[in-house]
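**Q** Input: one structure, supplied below.
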Amino acid sequence: MRPARNLSVKVLAVIGVEEDFRYHWACYAANLFSISLLGALTVVLIFWLGLRFSAGSAHSAAVALVIGFGTMLFPFSTLFFSHVASAFCFIFAFYQLFAWRQHPGPDHWRLWAAGGALGFSITLEYPSAIGASLIGLYALFVFFQDRRTWLMQTARFGLGGLYGLAPLFLYNLVAFRQPFYVTYEAYAQASNDTFAAHKQGVLGIRVPLWDWSAWPQFFSNLSEITYKPLRGLFFNNPVLILVFVGFALLLRQQAKPRNLGRIEALLALAIFLGYLAFNACFGDSITYWGGGASFGPRYLIVTLPFLAFPLFACMQMRPARIALVCLALLSTFICLMATAVEPRTPYFPANPLFGFYIPRFMNGVLSINTSGVFSNTPITGGSVAFNLGSLLELPAQFQLSPLYLFWLWMTWRLDRLTQKPARSPGFLFAVGVLVMIAAWLPFAALL
């Protein structure tokens with residue numbers, strides 16, 4: 001990373017940017033063209049999958065936008081964490097495998113690409129081994145559909161996986177003199193009590209099935225990461241409550257898109273439950289299961305693209321579709337506040353939504369991060385974070401107006417892209433106005 005950073009700093013120096021700001025903008029560019037870009041591409045892949053599932057362009061676009069803006073994917077696409085990149089690798093690999101299943105043929109590059117993406121997801125973060133294993137099993141199911149060529153297909157997929165893992169092996173050899181090394185081992189072997197929970201179970205993961213004393217902690221963690229307000233997935237992303245309805249519809253083969261089969265639904269469910277269990281088994285405090293200072297349980301971000309599958313099913317039934325639209329507006333508003341204020345939610349208060357985000361958002365206290373990576377010199381006001389409105393020096397109550405106007409314009413563009421009938425532009429325009437008003441209301445007190 002250092003040569004790339006030095007290059008970006010030199011470019012900024014040439015155009016006359018002051019030294020402290022060079023580092024800020026270099027970090028911003030690094031995140032924009034890595035995590036943010038992959039987050040956007042994840043939304044595109046969800047849309048394309050919806051088309052392959054025969055969900056229809058309008059429903060595909062709606063679900064893709066719900067996952068993109070109404071879940072943790074939105075705020076974490078602005079942070080330099082690996083979870084969004086791993087989520088992209090997962091859905092990219094699945095997309096290639098599903099495309100191969102639909103049209104087996106000479107496109108062998110899809111198998112290499114799927115394997116490489118899954119291998120690289122583990123290079124990014126070790127917990128990706130859970131999802132990579134489950135998607136790998138799905139790959140074997142796809143390959144066994146053709147008994148004559150399954151061995152060659154598996155070989156291509158497996159070699160692609162080794163290629164994706166190669167950077168991890170090389171890094172471990174250079175840094176630790178051994179190819180298989182998990183950095184959390186340093187905490188497990190440390191003589192002090194820093195992150196002492198890593199000394200329990202397998203690097204902090206206590207599986208109740210063979211450690212019966214871990215059951216109370218497992219259930220406590222599970223409640224914290226699902227419905228409780230401090231880090232609850234469904235509390236902060238209420239639209240995801242409908243995934244249970246969607247999974248029920250999929251597994252009962254009711255109201256499902258034509259090409260979305262039971263095996264794909266089971267894969268999505270297995271990935272979601274697998275990471276839910278992993279997260280609940282991890283550690284004994286918010287530092288572990290809560291991901292520290294985090295908007296929601298960040299270890300579950302990798303599952304979000306696959307939760308689009310049950311939402312596709314919900315879009316097929318009118319009552320579920322209406323509920324989805326209502327909850328999606330609420331979820332988008334919550335995630336907008338988290339993104340605009342600070343995605344790294346503090347440990348206190350016990351209900352961050354009402355005790356941290358809403359008060360700050362209503363008073364125009366946005367982009368509050370004061371700690372830079374290489375410099376703490378503020379960019380706007382007293383913060384190293386910023387938004388377009390603050391860069392333009394707009395008053396606090398107007399800082400998000402450029403974003404709202406952009407969303408409104410994209411609502412119109414989306415109608416054209418999805419090729420809806422002539423009567424739909426008015427409806428979509430009305431939805432866009434309502435979204436804009438919903439986001440604007442908290443600032444009304446400042447006018």
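The values are calculated or read from the model by the stated rules, or taken from the named source; none is laboratory data. All values derive from a computational prediction rather than experimental measurement. Here Cβ is always computed from backbone atoms with ideal geometry, including for glycine, and neighbour counts include all displayed protein chains.
**Q** Just give me the residues in region 378-417 being of a type in the set (A, V, I, L, M, F, W, C), touching a strand residue (DSSP E or B) at 6+ places or on another chain (Cβ under 8 Å) and assigned to a helix (DSSP H, G or I), in sequence order.
**A** Correct list: Leu391 only.
**Q** Collect the residues in region 355-364 that are assigned to a helix (DSSP H, G or I) and either over 18 Å from Leu233 (Cα atoms) or touching a residue at least 40 places away in the same chain (Cβ under 8 Å) (or both), keeping them in residue-number order.
**A** Ile358, Pro359, Arg360, Phe361, Met362 - these are the residues of region 355-364 that are assigned to a helix (DSSP H, G or I) and either over 18 Å from Leu233 (Cα atoms) or touching a residue at least 40 places away in the same chain (Cβ under 8 Å) (or both).
**Q** Which is of a type in the set (Ser, Thr, Tyr) and surrounded by fewer than 21 Cβ atoms within 10 Å (Cβ to Cβ), of Ser36, Ser77, Ser86, Ser60?
**A** Testing whether each residue is of a type in the set (Ser, Thr, Tyr) and surrounded by fewer than 21 Cβ atoms within 10 Å (Cβ to Cβ) leaves just Ser36.
**Q** Among the residues of region 120-148, which ones are part of a loop (DSSP other than H, G, I, E, B) and surrounded by 13 or more Cβ atoms within 10 Å (Cβ to Cβ)?
**A** Within region 120-148, Glu125, Tyr126, Pro127 meet the criteria.
**Q** Additional query: Residues Ser371, Ser367: which one is of a type outside the set (A, V, I, L, M) and touching a strand residue (DSSP E or B) at 6+ places or on another chain (Cβ under 7 Å)?
**A** After ruling out the rest, the residue left standing is Ser367.
**Q** Looking for something within 22 Å of Ala268 (Cα to Cα) and part of a helix (DSSP H, G or I) - is there at least one such residue anywhere in region 196-211?
**A** No, there is no match, as no residue in region 196-211 is within 22 Å of Ala268 (Cα to Cα) and part of a helix (DSSP H, G or I).
**Q** Going by the conditions given, is Glu342 within 29 Å of Tyr138 (Cβ to Cβ) and among the charged types (D, E, K, R)?
**A** No, not satisfied.
**Q** Could you go through region 209-216 and let me know if any residue there is over 24 Å from the mean Cα position of the chain (by Cα) and surrounded by 13 or more Cβ atoms within 10 Å (Cβ to Cβ).
**A** yes
**Q** Moving to a separate point now. How many residues does region 330-351 hold that are part of a helix (DSSP H, G or I) and either closer than 21 Å to Phe386 by Cα or of a type in the set (Phe, Trp, Tyr) (or both)?
**A** 10
**Q** Does region 93-115 include one or more residues that are buried (at least 21 other Cβ atoms within 10 Å of the Cβ) and either of a type in the set (Asp, Glu) or closer than 22 Å to Gly292 by Cα (or both)?
**A** no
**Q** Mind listing whichever residues of region 200-233 are within 17 Å of Ser294 (Cβ to Cβ) and either touching a residue at least 12 places away in the same chain (Cβ under 8 Å) or of a type in the set (A, V, I, L, M, F, W, C) (or both)?
**A** Answer for region 200-233, where residues must be within 17 Å of Ser294 (Cβ to Cβ) and either touching a residue at least 12 places away in the same chain (Cβ under 8 Å) or of a type in the set (A, V, I, L, M, F, W, C) (or both): Gly204, Asn221, Leu222, Glu224, Ile225, Thr226, Pro229, Leu230, Arg231, Gly232, Leu233.
**Q** Quick one: would you say Leu330 is under 23 Å from the mean Cα position of the chain (by Cα), under 19 Å from Leu400 (Cβ atoms), touching a residue at least 40 places away in the same chain (Cβ under 8 Å) and crowded, with 16+ Cβ neighbours inside 10 Å?
**A** Criteria not met by Leu330.
**Q** Hey, can you tell me all the residues within region 133-172 that are closer than 14 Å to Pro104 by Cα and among the hydroxyl-bearing types (Ser, Thr, Tyr)?
**A** Result: Thr149, Thr154.
**Q** In the set Pro346, Pro402, Pro359, which member is surrounded by 14 or more Cβ atoms within 10 Å (Cβ to Cβ) and modelled with pLDDT of 90 or more?
**A** Pro402
The rows are residues; the columns are (1) crowded, with 22+ Cβ neighbours inside 10 Å; (2) of a type outside the set (Val, Ile, Thr).
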position	(1), (2)
Gly232	no, yes
Val243	yes, no
Ala248	no, yes
Arg262	no, yes
Leu266	no, yes
Ala277	no, yes
Ser294	yes, yes
Pro297	yes, yes
Leu307	yes, yes
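**Q** I'd like the full set of residues that are β-branched (Val, Ile, Thr) and either crowded, with 24+ Cβ neighbours inside 10 Å or touching a Phe, Trp or Tyr at 6+ places or on another chain (Cβ under 6 Å) (or both), limited to region 44-57.
**A** Result: Ile46, single match.
**Q** Then there is this: Of all residues in region 176-199, how many are surrounded by 13 or more Cβ atoms within 10 Å (Cβ to Cβ) and either closer than 21 Å to Trp289 by Cβ or hydroxyl-bearing (Ser, Thr, Tyr) (or both)?
**A** Qualifying residue count, region 176-199: 12.
**Q** Another question, then. Of the numbered conditions (1) under 27 Å from Ile205 (Cα atoms); (2) assigned to a helix (DSSP H, G or I), Gly160 fails exactly one; give the number of that condition.
**A** Going through the list (1) under 27 Å from Ile205 (Cα atoms); (2) assigned to a helix (DSSP H, G or I), Gly160 breaks only (1).
**Q** Quick check, is Thr194 among the β-branched types (Val, Ile, Thr), out of contact with any Asp or Glu (no Cβ under 7 Å at 6 or more places or on another chain), over 30 Å from Trp109 (Cβ atoms) and free of Cβ contacts under 8 Å to residues at least 40 places away in the same chain?
**A** Taking the combined requirement at face value, the residue satisfies it.
**Q** Does region 236-251 include one or more residues that are part of a loop (DSSP other than H, G, I, E, B) and over 18 Å from the mean Cα position of the chain (by Cα)?
**A** no
**Q** Search region 169-188 for residues being in a loop (DSSP other than H, G, I, E, B) and polar (S, T, N, Q), and hand back the single one that is nearest to Ile205 (Cα to Cα).
**A** Thr183
**Q** Being farther than 28 Å from Pro238 by Cα and at pLDDT 90 or above narrows it down to one residue among Ser375, Ser383, Ser367; which is it?
**A** Going through Ser375, Ser383, Ser367 in turn, the sole match is Ser383.
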